[in-house]
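Take a look at the structure set out below.
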Amino acid sequence: MEEGERMTLNPRHLLITGPPGCGKTTLLMRLADGLGNLRPAGFYTEEIREAGVRRGFRLVGFDGREGVLAHIDFRGVPRVGRYGVDVAGFEAFLDELDLSSALVFIDEIGKMECLSPRFIAMLRELFDSDRTVVATIALRGSGFIAEVKQRGDCRLVEMSPGDREALLTTLRLDLVRRLGDR
C-alpha cells in the first residue's frame with residue numbers, strides 16, 4: 001500500500017485527492033482517455049482564465065456539453081471564496097449528462113459542487129449502483145466530502161506533485177482489471 005492511501009476490501013470506486021495544483025484533474029482526464037474503449041461518462045472542470053488570471057471554472061462533459069460552474073462576476077448566488085457558484089446552471093448541466101456507463105468520472109467532489117443537493121443525490125445514487133466511479137475529491141472538507149471518504153467501497157489515493165505518471169499506470173491497470181471488457 002502506498003503512502004497516503006487507505007485500503008479497503010475490494011473497493012469498487014476510486015477517489016483521488018491531493019493539494020490544489022498537484023494534477024488531479026489531469027490524472028482523471030488521462031485515465032478517462034486511456035479507458036476510452038469502456039466509453040466513460042461524466043465531466044471535468046477547467047479554469048476560465050482572462051489575461052492570465054483565473055476568473056472561474058467551466059464544466060466539460062465527456063459528451064462535449066459545457067457549462068460554467070463558478071465565476072467571480074456571478075452575483076446573487078452562493079459564494080465560495082471570491083467565486084459565485086451557479087447552482088441552478090450546474091444542476092441543469094447535470095440533468096443533461098448521460099451517466100449510464102459502467103465507468104463514471106467526476107471532477108470534482110468539492111465545496112462548490114456540494115452546494116447542489118442534486119449533485120449530492122446523484123453521487124449517492126452512483127456510489128450505490130453497480131457502476132464504478134472515479135472522482136477527484138477535496139483534500140479537506142466536512143459534510144458530504146467527509147462522508148464519501150469514509151465509504152468502505154471507495155479507495156482513497158492521495159496525490160502529490162510529481163507522482164502523476166506512476167499513479168496513471170497503476171490506476172489504469174487496476175481499473176482495467178476491475179472492469180474487464182464491459
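A short reminder: the numbers here are calculations on the coordinates, not readings from a lab. Since the structure is predicted, the reported quantities are computational estimates derived from the model, not experimental observations. Cβ: placed from backbone, ideal geometry, glycine included. Neighbour counts: every protein chain shown.
Pairs of alpha-carbon atoms within less than 8 angstrom and 6+ residues apart define the contacts here; what relative contact order does the chain have, in percent?
Numbers: 312 pairs, mean separation 62.0, N = 182.
Once normalised by length, the contact order is 34 percent.
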Trypsin sites (Lys or Arg not before Pro) in region 32-89 lying in a DSSP loop, each with at most 16 other Cβ atoms within 10 Å of its Cβ, come to Arg65, Arg75, Arg82
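Once a ≥ b ≥ c are taken as the square roots of the eigenvalues of the Cα gyration tensor of region 81-145, is the result rounded (a/c under 1.5), prolate (a/b larger than b/c) or oblate (a/b not larger than b/c)? Write down the numbers at each step before the final one.
Values: a/c = 2.06, a/b = 1.35, b/c = 1.53.
Cα axes put region 81-145 in the oblate bin.
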Starting from the 7 Å offset along Cα-to-Cβ, what nm value, one decimal, do you get for the label separation of Asp33 and Ser160? 2.6
0 to 90° range, to nearest 10: angle between helix 164-179 axis and the chain longest Cα axis: 60
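Convert 10 °C to kelvin, take the viscosity as 1.306 mPa s, use the Kirkwood radius over C-alpha pairs of the chain as Rh, and evaluate the Stokes-Einstein diffusion coefficient in µm²/s, rounded to a whole number.
Details: Rh = 16.7 Å.
The Stokes-Einstein estimate is 95 µm²/s.
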Using Cα atoms only, what is the angle between the long axis of helix 87-96 and the major principal axis of the chain, expressed in degrees (0 to 90) to the nearest 10? 50
Give me the angle, in degrees from 0 to 90, between the Cα long axis of helix 117-128 and the longest principal axis of the Cα atoms of the chain, rounded to the nearest 10. 10
Tell me, what ³J(HN,Hα) does each residue in region 57-70 have, in order and in whole Hz, if you take phi through Karplus 6.51 cos²θ - 1.76 cosθ + 1.60 with θ = phi - 60° and put x for Gly and Pro? 9, 9, 9, 10, x, 5, 8, x, 5, 9, x, 10, 7, 8
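Over the residues of region 91-182, compute the C-alpha Rg and express it relative to 2.2 N^0.38 Å. Show your work: numbers first, answer last.
On the way: Rg = 13.9 Å, N = 92, 2.2 N^0.38 = 12.3 Å.
In units of the globular-protein estimate, region 91-182 measures up at 1.13.
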Region 161-182 to region 96-129: how many Å between their Cα centroids? 21
